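What follows is a short report on a single structure.
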Amino acid sequence: MILKSFLVWFLIAVAETLHGIIRAKYLNPRLGDRRARQFTVITGTIIILLVGWFTIPWINPQSGQESIVVGLIWLVAMLTFDIGFGRLYLRLSWKRIWSDFDIFQGGYLGFGMAALLMTPWIVALIRGII
């Protein structure tokens, strides 16, 4: 289950990276950076839910607790990837990274991360796996 969870997280990371590239190229010029980032938290959550819908049966958590473990794996891996990518590749400041999570600065990424954490449990519950 753990290996499958990481494989699916990698799929989510690729999808979300492509999603971010599309945001930067097409939405940022039209909506502005902040509004585009806010909007794509919603579309990113939809992507995560769709990936979860099709992959949670394959991961096959046996309980609600195992579903939460899958979500925790996804969350920790995604936070590590996002922050590492932002700092090391994009050379973003800590202030800029934090702004994505700070709702008082218009950052909604924390909501997206909460959705990432809960998706395996929600999908497993709806699909009758747990």
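Filtering the stretch 54-73 to residues that are part of a helix (DSSP H, G or I) and either basic (K, R) or more than 14 Å from the chain's Cα centre (by Cα) (or both) leaves F54, T55, I56, P57, W58, I59, G64, Q65, E66, S67, I68, V69. Just one residue in the set A24, A124, A77 is in contact with an Asp or Glu (Cβ under 9 Å, 6 or more places away or on another chain), of a type outside the set (D, E) and within 18 Å of M1 (Cα to Cα); that residue is A124. Considering only the stretch 89-130, how many residues are in a helix (DSSP H, G or I) and closer than 20 Å to W74 by Cα? Residues in the stretch 89-130 being in a helix (DSSP H, G or I) and closer than 20 Å to W74 by Cα: 20 in total. Going by what's in this entry, would S63 be described as free of Cβ contacts under 8 Å to residues at least 40 places away in the same chain and among the polar types (S, T, N, Q)? In short, no. Could you list, in sequence order, all residues of the stretch 73-104 that are in contact (Cβ under 8 Å) with a residue 60 or more places away in the chain and closer than 20 Å to G32 by Cα? Correct list: D100 only. Of all the residues that make up the stretch 57-83, how many are of a type in the set (G, A, S), exposed (fewer than 14 other Cβ atoms within 10 Å of the Cβ) and under 14 Å from A13 (Cα atoms)? The qualifying residues number 0.
When I122, I103, I130, I97 are checked against the criterion of being modelled with pLDDT of 95 or more, surrounded by fewer than 19 Cβ atoms within 10 Å (Cβ to Cβ) and of a type outside the set (F, W, Y), I122 stands alone in meeting it.
Of the residues making up the stretch 21-35, none is surrounded by fewer than 16 Cβ atoms within 10 Å (Cβ to Cβ) and closer than 24 Å to I126 by Cα. When V41, V76 are screened for being within 11 Å of the chain's Cα centre (by Cα), in a helix (DSSP H, G or I) and at pLDDT below 95, only V41 passes. Hey, any hits in the stretch 79-86 for a residue that's within 20 Å of T40 (Cβ to Cβ), under 18 Å from the mean Cα position of the chain (by Cα) and outside any helix (DSSP H, G or I)? So far as the stretch 79-86 goes, no, none of its residues is within 20 Å of T40 (Cβ to Cβ), under 18 Å from the mean Cα position of the chain (by Cα) and outside any helix (DSSP H, G or I).
The values are calculated or read from the model by the stated rules, or taken from the named source; none is laboratory data. Being a predicted model, the structure only gives us computed values, none of them experimental. With ideal geometry, Cβ positions are generated from the backbone for all residues, glycine too; neighbour counts draw on all protein chains shown.
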